[in-house]
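Colleague: Structure incoming, see below.
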Amino acid sequence: MKKFIVGFFLTAFLLSAKAQNQNEANYDETKVPSYTLPAVLKTANNTQVTNKNRWEKVRRPEILQLFEENIYGQMPKRYSSLKHSVTKKDATAMNGRATMKHVLLEVFNNGKSVKINLVLFVPNNTKKPVPAFLLINNRGTDNTDPTRVKKSEFWPPEMLIDSGFAIAAIHVADLAPDDKVKYVDGVLQLYPDQINADDGMKAIGAWAWGASRVMDYFEKDKDIDSKKVAIVGHSRGGKASLWAAAEDQRFALCITNCSGNTGAALARRQFGERINRINTSFPHWFNNNYKKYNNNENALPVDQHMLISLIAPRPVYATNASKDLWADPTGTFLSLKNAEKVYSLYGIKSNLPATPPGINKPVIQSHLAYHNREGDHDLMEYDWNNFIKFANYHYKKSK
Ligand code: GTR
């Protein structure tokens, strides 16, 4: 009983602390400070980038390095080996419409290994290989139930299968538990040098690394068109989906749902969640160097429009929810807008309007796509329905 009472008060205290922080955040557009974004197209030695060759050879690598050093940490480029085995298979899933595979990926390095449980559904009556969506799941594993006894809008494989896509999911806990102490019990064991380094990867980096290992597997699975894989994440998972697509150019599309601070939203607007808050609540997400920017956004050599720019010319879809001001819908839209100039180097014009579109007015047919769904911080059928349209639009065009 005593335990219960202590637990109750502790939970109430933590919830009210969180609410208080959210209440203290700025949600008033007129109080957004004036700011200057770092120039995405100016190199470290101050020369203007005017073509995609200079972008790819000089500026893109510079920006990627800045994000590694100051925010997400180093991304290991090598591992010793990867083994995969299909541990469960059901060729009659969804009343025969799909084949379900549970694939166990085991990645070895430094005498250690990490096991990644991949849940995958592939449509049965569709010409192979098929394009796929991969979700980095940051919620309970019941959201990606392979038996389909439990269903949730967070990951609706029936909808994707009926649209001719394969759909997969991994869980963040396999890679780095989402916990300020236990986050080292995963991928970081394979790269121990990173654990105490100021620019070492932490949880978000490990989750993105895991998505790339799934891509290594997809390249071997004959049912999957590995040239057409969309990486999807919600919120903290959406921060990881952006980082995965920035680091790994094999992802054809990137979808970042309600990713907010240190995701798709501009940091310098200081609207909703701020760097100081995210680093205090979640010190295990970003590298140690990032703590230098607590209450000091303007000192950052990058802002999040540059993260989106790293994904160019590949299409990016960022979303928000109207009641989720914590994730700064306007700042997300502006981040996309400020990445447009990098897409222009490839002759690509986005179809985004000059100012944020209204609630439930998605802009889907665009390399930089956006919507602000009515409602709360979540990943829902409305969002997935638009992601399917987005993928259809881009894949049909490139055929
Ligand atoms: C919040 C955090 C956000 C977002 C969110 C989530 O508490 O402040 O940055 O990541 O969690 O993942 O749902």
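Colleague: With no solvent and one point on each alpha carbon, what is the Debye value of log10 I(q)/I(0) for the chain at q = 0.06, 0.12, 0.15 Å⁻¹?
Modeller: -0.22, -0.94, -1.49
Colleague: Over the chain, with every protein chain in place, what whole percent of the accessible area is carbon and sulfur at 1.4 Å, could you tell me?
Modeller: 51
Colleague: Still on this structure, please answer the following. When we measure straight from the Cα of LYS128, which aspartates and glutamates land under 17 angstrom away, once same-chain ones fewer than 8 places off are left out?
Modeller: ASP162, GLU219, ASP221, ASP223, ASP225
Colleague: Find me the longest stretch of the chain that has none of the exposed GluC sites (Glu not before Pro), where exposed means in a DSSP loop (not H, G, I, E or B) with at most 12 other Cβ atoms within 10 Å.
Modeller: 1-218
Colleague: Also: Over the stretch 36-397, what is the mean sequence separation of C-alpha contacts under 8 Å (at least six apart), divided by residue count, expressed as relative contact order in percent?
Modeller: Numbers: 818 pairs, mean separation 56.0, N = 362.
Relative contact order for the stretch 36-397 comes out at 15 percent.
Colleague: Also, quick follow-up: Taking the Cα centre of each part, how many Å lie between the stretch 223-272 and the stretch 304-382?
Modeller: Going from one Cα centre to the other spans 11 Å.
Colleague: In square angstrom, what is the accessible area per residue of the chain with a 1.4 angstrom probe?
Modeller: On a per-residue basis, the chain sits at 43 Å².
Colleague: Can you give the helix-only mean residue ellipticity at 222 nm for the chain, where every DSSP H stretch with n ≥ 4 adds -39500 (n - 2.57) and the sum goes over all residues, rounded to the nearest 500 deg cm²/dmol?
Modeller: -9000 deg cm²/dmol
Colleague: Here's something else I'd like to know. Please list 3J(HN,Hα) in residue order for the stretch 321-327, calculated via the Karplus relation 6.51 cos²θ - 1.76 cosθ + 1.60 where θ = phi - 60°; whole Hz, with x for glycine and proline.
Modeller: Once θ is set to phi - 60°, the couplings for the stretch 321-327 become 10, 4, 8, 9, 5, 3, 8 Hz.
Colleague: Another question, then. If the reach is capped at under 29 angstrom between alpha carbons, list the lysines near LYS112, excluding any in the same chain fewer than eight residues apart.
Modeller: Partners within reach: LYS77, LYS83, LYS88, LYS89, LYS101, LYS180, LYS182, LYS202, LYS220, LYS222, LYS239.
The values are calculated or read from the model by the stated rules, or taken from the named source; none is laboratory data. Everything numeric in this text was worked out from a predicted model, so none of it was measured. Using ideal geometry, Cβ is built from the backbone for each residue, glycine included, and neighbour counts are taken over all protein chains shown. With ligands, DNA and RNA removed, areas are computed over all heavy atoms of the protein, side chains included. Shrake-Rupley method; radii C 1.70, N 1.55, O 1.52, S 1.80 Å.
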